[in-house]
Amino acid sequence: MHTPQLAGHARVAFEANTDAPLKGDFERMARRRYQNPKPFRRGEWWCLLTWEDVFHEGRLTRKRKWHKLCPATMLEREARKLASEIVQPMNTGLQTIASATPFGKYVNETYKPTVLPLLATTTQSSHECTLRKHLMPVFEYTPLREMTPLTLQKFFSGLGKSALGGDTILKMKETLSSVFTSAVLYGLLMKNPMPRIVIPRSKVVNNKKPKPHITPEEFYRLLDLVAEPYSTMIHTAVFSGLRISELLGLRWEDVGDEWLNVDERFCRGDWSVTKTPGSSASVSVDSSVIERIRRLKTLEVELNWGGRSAKKRIKVVRADGPKDLVFQALRGGVPMNDQNILRRHLRPAALKLAIDPKKATWRALRTSCATWLDEAGASPKDIQSYLRHSRISTSLDIYVQHSRDSQRRAVAKMMAMVDERAGSIRHGSPLVN
């Protein structure tokens with residue numbers, strides 16, 4: 001029978017109606033996800049056969065999985081109860097089917113080839129080392145769904161009696177969180193169990209280990225013993241607060257009259273964007289820093305070239321085009337190796353001056369920058385902005401270090417303020433001689 005069409009209205013196909021039942025792939029997907037297998041006897045056991053999602057060669061596929069429910073001597077209704085306990089979380093979405101994947105299998109087949117290459121080179125090395133030494137020996141064969149908050153908290157609580165340091169335990173937590181975050185993203189888990197995990201307190205008093213930093217007096221003594229262009233690198237690192245990877249990636253187009261533009265970094269063979277989006281910014285610096293950087297274009301150094309007696313004078317800056325690097329390796333003009341600079345120039349100078357070698361590191365120079373800003377009276381917000389941290393607590397709790405000298409200066413400022421505002425009353429007090 002023909003249905004008349006109302007004027008001004010078009011007929012909508014049945015498939016376009018939102019109330020229409022699922023068809024095609026959507027219908028098959030809905031049927032595929034729901035499971036209601038019946039237990040059966042196999043030998044001396046009641047068994048259950050379910051579907052399991054697994055990753056194989058980068059693709060999500062489905063495989064059968066056997067479950068031993070209980071001995072065959074038990075009644076069938078008891079076996080059905082056990083089967084329901086296994087299947088119900090899968091069907092209700094409380095537990096994904098693929099969560100039965102062992103931790104080690106997921107890490108090796110999915111996390112390492114898919115997620116790890118997207119991280120910074122240093123982060124990759126840290127996660128790989130932590131997985132190999134600490135996590136895989138414990139959790140390699142544990143299904144992801146069994147790594148619950150309670151299981152993980154028991155694991156971390158037990159580490160408090162171990163010989164592991166607080167930094168190592170923190171890295172273990174960060175690595176696990178990275179793995180579970182990707183597992184949630186790819187549908188193997190519903191939640192990341194790590195955010196509420198509490199790690200044991202550090203054995204260090206106040207749970208805060210002082211970070212090495214150098215004093216201005218030690219810094220200038222050190223600077224006099226380091227040859228160019230490494231001396232200028234150290235000078236720029238302290239007075240700009242740049243990370244060493246940002247310093248190595250600095251190009252001549254990034255050098256302004258009163259600022260340095262940070263938009264990329266180089267870390268041991270790897271070019272990438274800055275550590276965080278907030279790190280990509282222009283950093284104001286004193287004119288003496290810019291003058292010292294530009295002076296590199298006029299300098300030459302003498303190197304051993306091909307033999308003990310063969311010496312050659314070469315320019316410190318071989319090319320100074322907009323895209324050329326500010327700090328170039330002397331022999332090839334390629335990016336420098338930060339570890340070689342530490343080992344061959346910075347640490348030997350510190351040892352010669354009897355300065356703690358821990359103060360002669362790139363991280364210590366950045367910490368020194370934060371500490372000097374604080375001692376000079378810069379506001380916490382200015383320090384955060386200068387170091388380009390996303391949280392002010394990072395600048396104050398980790399980078400800014402307080403020494404006895406700085407505390408004495410702070411007390412002296414406080415007493416001077418008190419004398420200025422209430423000096424006559426204070427000196428007239430009978431308690432003051």
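The values are calculated or read from the model by the stated rules, or taken from the named source; none is laboratory data. These numbers come from a predicted model, not from an experiment. When we count neighbours, we look across all protein chains shown, and the Cβ atoms used for this are built from the backbone with ideal geometry, even at glycine.
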Per the filter on segment 185-203, residues without any contact (Cβ under 8 Å) to a residue 60 or more places away in the chain, surrounded by fewer than 14 Cβ atoms within 10 Å (Cβ to Cβ) and either part of a loop (DSSP other than H, G, I, E, B) or touching a Pro at 6+ places or on another chain (Cβ under 9 Å) (or both) are LYS191, PRO195, ARG196, VAL198, ARG201, LYS203
ALA350: passes all of (1) in contact with a Leu (Cβ under 9 Å, 6 or more places away or on another chain); (2) of a type outside the set (Asp, Glu); (3) closer than 27 Å to LYS275 by Cα; (4) in a helix (DSSP H, G or I) but (3)
Q. Taking the condition exposed (fewer than 13 other Cβ atoms within 10 Å of the Cβ) and either in contact with a Cys (Cβ under 6 Å, 6 or more places away or on another chain) or assigned by TED's automatic domain parsing to the domain that holds GLU228 (or both), does ALA354 pass?
A. yes
ILE355: passes all of (1) at pLDDT below 90; (2) part of a loop (DSSP other than H, G, I, E, B); (3) touching a helix residue (DSSP H, G or I) at 6+ places or on another chain (Cβ under 7 Å) but (1)
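For segment 169-184, does any single residue satisfy the condition of being in a loop (DSSP other than H, G, I, E, B) and crowded, with 18+ Cβ neighbours inside 10 Å?
No; the residues of segment 169-184 include none that is in a loop (DSSP other than H, G, I, E, B) and crowded, with 18+ Cβ neighbours inside 10 Å.
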Going through segment 239-252 in order, the residues found to be surrounded by 21 or more Cβ atoms within 10 Å (Cβ to Cβ) and either in a helix (DSSP H, G or I) or aromatic (Phe, Trp, Tyr) (or both) are SER240, ILE244, SER245, GLU246, LEU247, LEU248
Exactly one of ARG294, ARG318, ARG308, ARG313 is modelled with pLDDT of 85 or more and either loosely packed, with under 13 Cβ neighbours inside 10 Å or over 17 Å from LEU242 (Cβ atoms) (or both), and that one is ARG318
Exercise. Is it true that some residue in segment 213-225 is closer than 30 Å to ASP382 by Cα, in a loop (DSSP other than H, G, I, E, B) and under 23 Å from the mean Cα position of the chain (by Cα)?
Worked result: yes
Here the qualifying pairs (Cβ atoms under 7 Å; residues six or more apart or on different chains; first in segment 213-230 and free of Cβ contacts under 8 Å to residues at least 24 places away in the same chain and among the aromatic types (Phe, Trp, Tyr); second part of a helix (DSSP H, G or I) and surrounded by fewer than 16 Cβ atoms within 10 Å (Cβ to Cβ)) come out as none
Of those in segment 28-61 that are at pLDDT 75 or above and exposed (fewer than 13 other Cβ atoms within 10 Å of the Cβ), the residue nearest to GLY187 (Cα to Cα) is TYR34
